[in-house]
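Report on the structure given below.
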Amino acid sequence: MKTWLVTGGAGFIGSNFIRQCLAAEEDLRIINLDKLTYAGNIESLAKYADYHNYIFTHGDIRERSLSKKLLSEYNPDAIINFAAESHVDRSIDGPADFIQTNTVGTFELLEAARFYWEGLDAGKRQDFRFLHVSTDEVYGSLGSEGYFTEETSYKPSSPYSASKAASDHLVRAWNHTYGLPVLITNCSNNYGPYQFPEKLIPLMILKALAGEPLPVYGDGQNVRDWLYVEDHCRAIRTVLEKGSPGQTYNIGGHCEKTNLEVVNTICAILDQLVPDSPVLPHAALITYVKDRPGHDRRYAIDAAKIQRELGWMPQETFETGLHKTITWYLENRHWWQRVLDGSYRGERLGLVSNA
């Protein structure tokens, strides 16, 4: 049976990846290693809790001995590393967790993987893959034109993007120095079901449903390339299947939107789907607030390489993906209401750095 070790699999992208893979492949076994921080939610995989091909382990990728134990016990064919602290605003408030998980954690996981890989027989050594999931934010900020390619120099602007840039460099170094067969993917902004509501799209959906102000940073003209999470998961599976070891693949949705366009589109869809809302139009709730410190102006991914070499393209447009996302949040209030009962209740983060 094909076996994958997935780290951070209870998070937003990781849980979507696991659900998609288990639904598509009957002969696949997934070992999910997750620390279950505030953004990790085991309920996101409740459907597979008793599934014979799914095994959950509560743990931290910084614990090298735990990773080595799992690798020895289950003999995976691949490691897919989603485990990361990922919210820029939180990295401004508390960068230490980002360095520890994203940089130190990746180092510890790489060392466990190297020890395991070096002990495999020749055939399995050749087929083994370590896929590291990263972000377009490592490239820094773009002007009004141009795109990030796989050759774009790194210029991270936030503690989050710096910690991810460092982890990318470590992964490449373990390939160059030790020969570990790695793959790196750098994706644009993801959205979709099961996303923790500190991020822009779910935050705006839930605040609009509550009739609360919709805070838009600065002038609302910061641009992001948006990628529906299920398209991203399909891309990762494609890279695992067809990607060349040592290569990096940018994954983008071909959907550049300003933050204000995103919020206005959410409002328009909610006007249609919730016609009895006490707040119509929902766009009347938009409020401009002080910008994020060091807010990158524009990200845009050139995903030509993965399309040309591996044949992947996104299936969703921004509008179809956003409609599916909003519908999911409307139909799964129990999930996000429990999330909002915890330590996060939609408050603004990242205003002040703690020295």
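Can you tell me which residue within region 1-55, out of those that are hydrophobic (A, V, I, L, M, F, W, C), buried (at least 19 other Cβ atoms within 10 Å of the Cβ) and not in a helix (DSSP H, G or I), is modelled with the lowest pLDDT?
Filtering region 1-55 for residues hydrophobic (A, V, I, L, M, F, W, C) gives 1, 4-6, 10, 12-13, 17-18, 21-24, 28, 30-31, 33, 36, 39, 42, 45-46, 49, 55.
Now drop any that are not buried (at least 19 other Cβ atoms within 10 Å of the Cβ), which leaves 4-6, 10, 12-13, 17-18, 21, 30-31, 33, 39, 45.
Retained after the next criterion (residues that are not in a helix (DSSP H, G or I)): 4-6, 10, 30-31, 33, 39.
Details: Trp4: 98, Leu5: 98, Val6: 98, Ala10: 95, Ile30: 98, Ile31: 98, Leu33: 98, Ala39: 84.
My answer is Ala39.
Does Trp335 count as in contact (Cβ under 8 Å) with a residue 60 or more places away in the chain, assigned to a helix (DSSP H, G or I) and touching an Asp or Glu at 6+ places or on another chain (Cβ under 9 Å)? Walk me through how you get there before you give the answer.
Numbers: in contact (Cβ under 8 Å) with a residue 60 or more places away in the chain: yes; assigned to a helix (DSSP H, G or I): yes; touching an Asp or Glu at 6+ places or on another chain (Cβ under 9 Å): yes.
It is true that Trp335 is in contact (Cβ under 8 Å) with a residue 60 or more places away in the chain, assigned to a helix (DSSP H, G or I) and touching an Asp or Glu at 6+ places or on another chain (Cβ under 9 Å).
Of everything in region 255-269, what is outside any helix (DSSP H, G or I) and either surrounded by fewer than 18 Cβ atoms within 10 Å (Cβ to Cβ) or of a type in the set (Ser, Thr, Tyr) (or both)? Give them in sequence order.
Matches in region 255-269: Thr258 only.
Step by step: first the residues of region 49-98, then only those that are small (Gly, Ala, Ser) and more than 18 Å from Ser163 (Cβ to Cβ), then the one that is farthest from the chain's Cα centre (by Cα). Which residue is that?
Here is the first cut: in region 49-98, the residues small (Gly, Ala, Ser) are 49, 59, 65, 67, 72, 78, 83-84, 86, 91, 94, 96.
Imposing the further condition that a residue be more than 18 Å from Ser163 (Cβ to Cβ) reduces the set to 49, 59, 65, 67, 72, 78.
Numbers: Ala49: 22, Gly59: 19, Ser65: 25, Ser67: 21, Ser72: 27, Ala78: 18 Å.
Per the stated criteria, the residue is Ser72.
For Ser163, indicate whether it is modelled with pLDDT under 95, under 22 Å from the mean Cα position of the chain (by Cα) and not aliphatic (A, V, I, L, M).
Details: modelled with pLDDT under 95: no; under 22 Å from the mean Cα position of the chain (by Cα): yes; not aliphatic (A, V, I, L, M): yes.
No: the conditions fail for Ser163.
Please enumerate the residues belonging to region 328-338 that are at pLDDT 95 or above and either over 24 Å from Ala208 (Cβ atoms) or in contact with a helix residue (DSSP H, G or I) (Cβ under 7 Å, 6 or more places away or on another chain) (or both).
Listed by number, the residues that qualify are Tyr329, Leu330.
Taking the stated definitions as given, is Phe82 in contact with a helix residue (DSSP H, G or I) (Cβ under 9 Å, 6 or more places away or on another chain), among the hydrophobic types (A, V, I, L, M, F, W, C), surrounded by fewer than 15 Cβ atoms within 10 Å (Cβ to Cβ) and under 27 Å from Arg237 (Cβ atoms)?
Values: in contact with a helix residue (DSSP H, G or I) (Cβ under 9 Å, 6 or more places away or on another chain): yes; among the hydrophobic types (A, V, I, L, M, F, W, C): yes; surrounded by fewer than 15 Cβ atoms within 10 Å (Cβ to Cβ): no; under 27 Å from Arg237 (Cβ atoms): yes.
No, not satisfied.
When you scan region 153-164, do you find a residue that is under 20 Å from Phe12 (Cα atoms) and touching a His at 6+ places or on another chain (Cβ under 9 Å), even just one? Write out each step before concluding.
Quick first cut of region 153-164, residues under 20 Å from Phe12 (Cα atoms) only: 160-161, 163-164.
Retained after the next criterion (residues that are touching a His at 6+ places or on another chain (Cβ under 9 Å)): 160.
Yes.
Only residues in region 244-271 that are farther than 25 Å from Trp312 by Cβ count as the first member; pair them with residues that are hydroxyl-bearing (Ser, Thr, Tyr) and buried (at least 19 other Cβ atoms within 10 Å of the Cβ), Cβ under 8 angstrom, at least 6 apart or cross-chain, and list the lot.
If the second residue must be hydroxyl-bearing (Ser, Thr, Tyr) and buried (at least 19 other Cβ atoms within 10 Å of the Cβ), the pairs left are Asn259/Tyr217.
Of the conditions (1) surrounded by fewer than 19 Cβ atoms within 10 Å (Cβ to Cβ); (2) aliphatic (A, V, I, L, M); (3) not in a helix (DSSP H, G or I), Leu227 clears all except one; give me its number.
Unmet condition: (1).
Could you list, ordered by first residue, the pairs with Cβ atoms under 8 Å in which the first is in region 28-42 and under 13 Å from Thr101 (Cβ atoms) and the second is aliphatic (A, V, I, L, M) and in a strand (DSSP E or B), at least 6 apart or interchain?
Matching pairs, first to second residue: Leu33/Leu5; Leu33/Val6.
Do you know which residues across region 56-65 are among the acidic types (Asp, Glu) and surrounded by fewer than 18 Cβ atoms within 10 Å (Cβ to Cβ)?
The initial filter retains those residues of region 56-65 that are among the acidic types (Asp, Glu), namely 60, 63.
Answer for region 56-65, where residues must be among the acidic types (Asp, Glu) and surrounded by fewer than 18 Cβ atoms within 10 Å (Cβ to Cβ): just Glu63.
Can you pull out the residues in region 281-316 that are at pLDDT 95 or above and part of a loop (DSSP other than H, G, I, E, B)?
Result: Pro281, Asp302, Ala303, Gly311, Trp312, Met313, Pro314, Gln315, Glu316.
So which residues in region 76-102 are in contact with a strand residue (DSSP E or B) (Cβ under 6 Å, 6 or more places away or on another chain) and assigned to a loop (DSSP other than H, G, I, E, B)? Don't jump to the end; show me each part of the working.
At the first step, the residues of region 76-102 found to be in contact with a strand residue (DSSP E or B) (Cβ under 6 Å, 6 or more places away or on another chain) are 76-83.
Matches in region 76-102: Pro76, Asp77, Phe82, Ala83.
One residue is enough: does region 60-75 have a residue meeting the conditions in contact with a strand residue (DSSP E or B) (Cβ under 7 Å, 6 or more places away or on another chain), in contact (Cβ under 8 Å) with a residue 60 or more places away in the chain and assigned to a loop (DSSP other than H, G, I, E, B)?
For region 60-75, residues in contact with a strand residue (DSSP E or B) (Cβ under 7 Å, 6 or more places away or on another chain), in contact (Cβ under 8 Å) with a residue 60 or more places away in the chain and assigned to a loop (DSSP other than H, G, I, E, B): present.
The values are calculated or read from the model by the stated rules, or taken from the named source; none is laboratory data. What you are looking at is a predicted structure, and each value in this text was computed from that prediction instead of being measured. Note that we place each Cβ from the backbone using ideal geometry, even for glycine, and neighbour counts take in every protein chain shown.
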